[in-house]
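Step one of this worksheet: look at the structure below.
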Amino acid sequence: MRRFRRRRRAQFEVAELNITAFLNLMVILVPFLLITAVLSRVAILQLNLPVPGGPRGADKPDFHLQVVIRPAALEVADSRGGLIQRIPARDGRHDYRALSRLLQRLKARFPDKTAATILSEPDTSYDTLIQVMDAVRMFKAVRFGQVVNAELFPDISIGDAPPAGRTRR
């Protein structure tokens with residue numbers, strides 16, 4: 001009988017867990033995740049959508065900037081006064097510097113205005129829309145010997161462009 005009991009004990013030996021491979025993985029994975037988390041940055045830009053059937057008649061503001069993105073040009077307009085300037089594309093690319101210079105002159109005339117509406121056609125590329133938004137929001141200026149981002153029209157609304165030849169009223 002003693003032999004039988006000894007065999008039974010030998011069959012139920014406790015095995016040790018080998019977690020060395022798991023710990024090696026954690027040693028490599030944790031610093032990697034911490035490094036990549038620090039390098040990733042999320043930028044959120046608050047946009048407003050135009051109100052359907054927006055302000056009409058006497059309720060309209062004195063000046064409200066509209067930038068219409070067309071394949072052949074950028075049209076800068078006032079919602080009340082109409083087209084201000086049409087900036088044609090050069091070699092199939094929009095002239096964002098000319099747009100920025102025009103908006104700087106408009107900001108000098110209307111320093112208290114911060115709102116702008118960007119109207120784009122359905123086939124406008126995402127890159128074009130972002131470039132126009134950046135040109136409308138700010139420009140690089142030299143102040144006290146340092147390059148800073150100066151504000152133009154940071155309150156941006158986006159919408160669909162009206163048919164060619166007409167600006168939204």
* **Hits in segment 71-87 (condition: at pLDDT 85 or above and more than 20 Å from the chain's Cα centre (by Cα))** => Pro71, Ala72, Ala73, Glu75, Val76, Ala77, Asp78, Leu83, Ile84, Gln85, Arg86, Ile87
* Asked: In segment 72-96, which residues are in contact with a Ser or Thr (Cβ under 9 Å, 6 or more places away or on another chain) and outside any strand (DSSP E or B)?
  -> Ser79, His94
* Would you check if there is a residue in segment 131-138 being in a helix (DSSP H, G or I), loosely packed, with under 13 Cβ neighbours inside 10 Å, assigned by TED's automatic domain parsing to the domain that holds Ala77 and modelled with pLDDT of 85 or more? => no
* Determine which single condition Pro122 fails, assuming it passes every other condition in (1) touching a strand residue (DSSP E or B) at 6+ places or on another chain (Cβ under 6 Å); (2) surrounded by fewer than 18 Cβ atoms within 10 Å (Cβ to Cβ); (3) not in a strand (DSSP E or B). => (1)
* Asked: Quick one: how many residues across segment 151-169 are among the hydrophobic types (A, V, I, L, M, F, W, C), modelled with pLDDT of 85 or more and more than 17 Å from the chain's Cα centre (by Cα)?
  -> 1
* Structure fact -> Counted residues in segment 86-120 being more than 21 Å from Ala141 (Cβ to Cβ) and not hydrophobic (A, V, I, L, M, F, W, C) come to 9
* Pairs where the first residue, in segment 54-71, is assigned to a loop (DSSP other than H, G, I, E, B) and surrounded by 15 or more Cβ atoms within 10 Å (Cβ to Cβ) and the second is modelled with pLDDT of 75 or more and β-branched (Val, Ile, Thr), C-beta under 8 Å, 6+ apart -> His64/Thr117
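The values are calculated or read from the model by the stated rules, or taken from the named source; none is laboratory data. If you're wondering where the values come from, they're calculated on a predicted model, not measured in any experiment. Cβ sites come from the backbone with ideal geometry, for glycine too, and all protein chains shown count toward neighbours.
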